[in-house]
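Report on one structure; see the data block that follows.
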Amino acid sequence: MAALGCMYVVPSTRAWAQDTPPDSVRSTLAGVYSAAQSARGKDVFTESCLECHTTADHSGQSFQNSWIGHMLSELMQYLRDKMPKSNPGSLTPEQYSEVTAFILSLNGLPAGEVDLPTDSLQLRNIRIEIAKATTDTVQARTPHEAGLKQFVWGHSAPFTIARTLP
Amino acid sequence: MTHVWTSRRTLGSALVIAGGLVGAFLVRAAASDAMQGRAMVRGNVPGEWRYWGGDAWGTRYSSLDQINATNFDSLTVAWQWNSGAFGADEYYRATPIYANGQLFTVATTRRVAMALDPSSGETKWMWRLDEGIRWQKAPRQFAGRGLAYWNDGPTERVIVVTPGLHMASLDAKTGVPDPKFGKNGVVDLMNGLGYPLVPLAVDDTGSLIISDAAPMRRARPGETWNEATRTGADGTIGIDPAEGQIANSSPAILVGDVIVVGNSSIHGYYPIRLKNIPGTVRGFDVRTGKQLWKFNLVPLPGEFGADTWKNGTKPGTPGVGKVDPWATYAADPELGLVYIPVGMPLMDEYGGHRPGNNLFGNSIVAIDVKTGLRKWHFQMVHHDIWDYDTPIAPNVLDVTVDGRKRKVVAQTTKQGWMYVFDRVTGEPIWPIVETPVLQSEVPGEVASPTQPIPTKPEPYSQQGMLASDLIDYTPAIRDSALVIARKCRMGPYYIPGQPADGSAKSGLACSWYNPGASGGVNIDGGAAVDPETGMVYVGSQTGLSTIGLQKDPCSEFNYSSPHDSCGLAGALPTPAGYKPRTELRGDGFAGRAGASSIGGVSIVKPKPYGGMTAYDLNSGEKKWWVPNGGMIPTITKDPLFDGVTLPPSGARGQAQIITTKSLVIYGTGRSGAIPGVPPQLFAVDKATGRQVGAVKIPARTTAVPMTFLHKGKQYIVFAIGAGTNASLVAMAIPHRAAAR
């Protein structure tokens with residue numbers, strides 16, 4: 001992506017964030033976004049991302065294949081340049097940082113006290129890292145019930161019928 | 001409460017559901033106001049909304065006029081029903097139906113069926129099927145878009161198709177499954193497709209990852225359920241997952257006494273396996289659940305159209321799969337025809353494994369509901385490599401063209417064109433011309449030499465990318481835009497994807513993709529009709545992205561959208577020497593998009609595309625266009641634009657439209673409207689598009705609204721929200737304002 005950005009010889013494409021990271025590097029394990037920001041990001045994800053992307057596609061191995069070891073600035077800049085795919089760059093700076101926070105939360109990364117900044121340049125010193133124990137569980141969902149049972153509620157009183165089919 | 005449990009699992013979910021609902025209701029079907037002495041029109045009782053699309057024709061039209069331009073702004077929330085007590089959803093994409101005094105909907109990822117009191121939103125009954133691991137691994141795990149209704153005198157049924165591909169027939173008054181239908185009210189739709197059903201098992205507790213990663217598998221002999229790990233075989237049966245995964249995402253449609261139902265498939269974004277189960281449309285007897293017929297959307301060897309698959313169509317053939325009728329349907333009950341919009345073949349952007357035109361992919365197919373035989377079809381995209389599924393029910397209407405009365409069906413599409421046909425014969429109303437198109441530079445890919453381009457109506461979304469489409473406010477701006485535009489392959493439409501490694505003869509590593517995979521029209525939007533005038537109102541979006549294709553090292557496909565499946569359950573073994581491709585960062589869909597703006601300003605000129613476009617189908621002419629909730633100012637700090645007054649652009653998202661006697665009413669959809677402006681429901685004049693009303697609503701609409709008359713009051717109901725905060729909202733005119 002860095003190469004792609006550099007190829008564009010137009011004034012607005014000069015502000016790329018993936019230069020050499022500064023010396024003082026933090027980790028996404030250190031709580032780099034706030035829970036409130038992630039919650040807002042979930043709404044943005046629902047409004048603008050969910051049509052094509054499931055949360056499963058952005059967590060666990062799928063996320064790790066693409067982003068582990070990269071700087072968070074790259075992720076946010078990528079979202080800004082490429083997403084939503086039907087109209088890249090059309091979200092507000094706040095929305096891009098919110099959805100970045102949500103993606104971090106999807107991967108079990110801890111929330112901290114402050115929001116991620118909206119300026120991706122300020123994320124150059126945050127490396128995307130994931131605790132192993134966390135990555136093993138992020139795909140898990142609430143356990144489901146098994147067997148083909150029908151539940152009906154209503155009529156003259158609540159009732160349930162259940163059976164295994166066929 | 002009576003329980004008959006034959007499963008080893010707990011009662012947990014049932015108790016939660018029942019416990020979450022306090023009180024009992026005596027269910028009595030209220031006599032519908034609209035039923036009083038009024039005949040059926042287009043399969044619907046005027047004033048009701050018996051189909052997902054309002055009526056069998058899919059008009060989304062209601063002749064009601066209690067809510068009109070004079071009082072629209074006084075609409076208030078009559079009630080709001082939250083589905084969170086029953087579980088979570090993705091975003092809530094259901095449009096309810098109203099029939100004979102009751103409102104019916106589906107909700108939650110388990111697609112619970114509900115009856116609500118139309119006056120208060122109180123829950124009258126609910127039904128849910130626990131599908132075990134068939135639900136856990138269902139490709140379309142959300143509430144679905146709705147359900148279907150049928151009645152024969154006092155016998156009323158609600159038909160729901162579940163994420164795990166079961167179809168239930170429920171007593172509309174009680175929610176109790178019809179014991180005469182299938183087995184205990186349920187038909188297993190994995191039966192009857194020609195595949196044996198086998199015991200199923202899972203190795204993890206998660207859902208299917210997008211496309212076909214982390215699937216179920218066939219259970220080993222004697223395998224049982226491990227409650228501690230929640231893996232193993234839970235007693236569920238289904239088609240062997242090695243054959244592929246299928247599901248359902250849209251409701252069935254009733255045509256007479258025949259339930260017409262299809263299936264959806266996995267997403268074709270970046271599948272791992274070269275085959276999947278081909279799509280089918282089937283007819284079932286509404287009284288018994290007996291399968292009456294099956295229409296193969298990938299023709300079997302010897303069937304019409306099989307020769308459009310050069311490598312053959314025998315099930316299991318590499319490259320064969322999908323072609324799924326995943327969207328909603330429309331029908332003409334008098335003609336006995338159902339109109340099926342068909343999705344694309346397997347793998348969205350690479351078709352090298354399936355040479356040929358690939359019928360009936362990307363077609364509209366008219367099927368005789370009595371015989372299940374094809375009456376006519378039209379393929380709108382040959383050999384699709386753009387993810388141009390036919391994404392929504394067509395609209396049926398009667399118009400007068402050149403002085404001749406015509407029965408037509410109009411199909412809106414992702415690719416930004418509306419295709420209009422004589423719905424009896426399939427003859428195009430206006431010529432649709434096979435036109436030479438660009439050819440692929442991807443090894444192994446043979447694009448169709450031509451694509452059918454409608455001469456009328458004109459498109460509603462930007463087509464392709466030409467130099468003339470670029471912003472040119474100053475020579476410097478134009479030059480800068482051209483530098484970006486020339487990074488990817490340009491053309492008028494149907495531009496094939498490029499190999500992302502730059503190995504193509506042209507040296508280009510991407511191609512412009514416009515409309516993109518989201519359309520154009522997509523399932524969230526689509527068109528509504530005024531059957532009185534022959535006007536069609538299309539909600540669509542317009543946008544720009546790119547396609548570049550790469551080899552996924554752990555997929556069977558030679559090319560795909562940039563993606564790395566290595567390490568995912570179900571992927572091919574990681575090849576020796578594998579290293580993650582750092583250049584793929586973000587992969588998946590991100591690989592389809594490219595920087596297409598300068599300082600936040602799109603390089604494409606703003607045009608009257610997307611939003612809502614009105615067409616007169618008597619003439620085929622575009623009549624007016626309005627943005628989806630307003631125009632967004634274009635603001636940039638880039639010095640390139642110093643001294644230039646930039647025009648605004650239309651808001652994003654897909655307008656969700658219905659029509660009434662005097663209004664076009666729409667919500668902006670999840671991502672529509674102007675950022676920062678409170679969510680609203682809009683009304684515009686049908687003839688001009690002029691806004692005549694707007695009212696604040698609790699959140700943006702997430703599905704197409706519907707309207708009905710109940711006990712003398714007209715309601716507009718629409719879905720909002722996601723997760724456990726998904727709701728139906730009913731709007732109505734307060735009593736004083738309603739008196740006219």
- Residue that is touching a residue at least 60 places away in the same chain (Cβ under 8 Å) and away from chain B (no Cβ under 12 Å), where the choices are A:GLY112, A:GLY108: A:GLY112
- Restricting the search to segment B:152-173, which residues are over 17 Å from B:PRO96 (Cα atoms) and open to solvent by 10 Å² or more (accessible area, probe 1.4 Å)? B:ASP152, B:GLY153, B:PRO154, B:THR155
- Would it be correct to say that B:THR174 is more than 9 Å from chain A (Cβ to nearest Cβ), polar (S, T, N, Q) and either farther than 30 Å from B:THR76 by Cβ or not in a loop (DSSP other than H, G, I, E, B) (or both)? no
- For segment A:65-90, which residues satisfy the criterion of being under 12 Å from A:GLU129 (Cα atoms), assigned to a loop (DSSP other than H, G, I, E, B) and either charged (D, E, K, R) or more than 7 Å from every other protein chain (Cβ to nearest Cβ) (or both)? A:ILE68, A:GLY69
- Message: Would you confirm whether or not segment B:299-320 contains a residue that is among the β-branched types (Val, Ile, Thr) and open to solvent by 10 Å² or more (accessible area, probe 1.4 Å)?
- Response: yes
- Query: If we scan segment A:65-83, do we find a residue that is open to solvent by less than 30 Å² (accessible area, probe 1.4 Å), of a type in the set (Lys, Arg), closer than 24 Å to B:ASP524 by Cβ and touching a strand residue (DSSP E or B) at 6+ places or on another chain (Cβ under 6 Å)?
  - Reply: no
- Can you give me the number of residues within segment B:639-664 that are more than 30 Å from B:MET535 (Cβ to Cβ) and either part of a loop (DSSP other than H, G, I, E, B) or more than 10 Å from chain A (Cβ to nearest Cβ) (or both)? 5
- Query: List pairs: first in segment B:386-408 and of a type in the set (Asp, Glu), second modelled with pLDDT of 95 or more and not in a strand (DSSP E or B), Cβ under 6 Å, 6+ apart or cross-chain?
  - Reply: B:ASP389/B:GLY343; B:ASP389/B:MET344
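Need a quick list: strands (runs of 3 or more DSSP E) entirely within segment B:519-566 having at least 2 residues that are polar (S, T, N, Q) and open to solvent by less than 10 Å² (accessible area, probe 1.4 Å). Spell out how you get there, then give the answer.
Numbers: elements: B:526-530, B:535-540, B:545-549.
Hits in segment B:519-566: B:545-549.
Just give me the residues in segment B:608-638 being among the basic types (Lys, Arg) and either open to solvent by less than 40 Å² (accessible area, probe 1.4 Å) or part of a strand (DSSP E or B) (or both), in sequence order.
Kept after step one, since they are among the basic types (Lys, Arg), are these residues of segment B:608-638: B:622-623, B:637.
B:LYS622, B:LYS623, listed by residue number.
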- Query: B:GLY235 passes all but one of (1) at pLDDT below 95; (2) assigned to a loop (DSSP other than H, G, I, E, B); (3) open to solvent by 50 Å² or more (accessible area, probe 1.4 Å); which number fails?
  - Reply: (2)
- Query: Restricting attention to segment B:663-678, which residues are open to solvent by 30 Å² or more (accessible area, probe 1.4 Å) and either touching a residue at least 40 places away in the same chain (Cβ under 8 Å) or basic (Lys, Arg) (or both)?
  - Reply: B:ILE674, B:PRO675, B:VAL677
- Matching residues in segment B:473-518 - criterion: being surrounded by 19 or more Cβ atoms within 10 Å (Cβ to Cβ), β-branched (Val, Ile, Thr) and in a loop (DSSP other than H, G, I, E, B): B:ILE495
- Message: Between B:GLY416, B:GLY336, which is surrounded by fewer than 24 Cβ atoms within 10 Å (Cβ to Cβ), at positive phi and small (Gly, Ala, Ser)?
- Response: B:GLY336
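Sort through B:TYR269, B:TYR329 and tell me the only one that's at pLDDT below 95 and crowded, with 21+ Cβ neighbours inside 10 Å. Write out each step before concluding.
Numbers: B:TYR329 fails: at pLDDT below 95.
When all the criteria are applied, what remains is B:TYR269.
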- How do the strands (runs of 3 or more DSSP E) wholly within segment B:42-148 filter down when requiring 2 or more residues that are surrounded by fewer than 24 Cβ atoms within 10 Å (Cβ to Cβ) and away from chain A (no Cβ under 14 Å): which remain? B:76-82
- Have a look at B:ALA694, B:ALA719, B:ALA683, B:ALA687 and point out the one that is more than 11 Å from chain A (Cβ to nearest Cβ), more than 17 Å from B:GLY610 (Cα to Cα), hydrophobic (A, V, I, L, M, F, W, C) and not in a strand (DSSP E or B). B:ALA687
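The values are calculated or read from the model by the stated rules, or taken from the named source; none is laboratory data. These figures come from a predicted structure and were not determined experimentally. Note: ideal-geometry Cβ built from the backbone for every residue, glycine included; neighbour counts use all protein chains shown. Side chains are part of the model used for accessible areas, which takes the heavy atoms of the whole protein and leaves out ligands, DNA and RNA. Shrake-Rupley method; radii C 1.70, N 1.55, O 1.52, S 1.80 Å.
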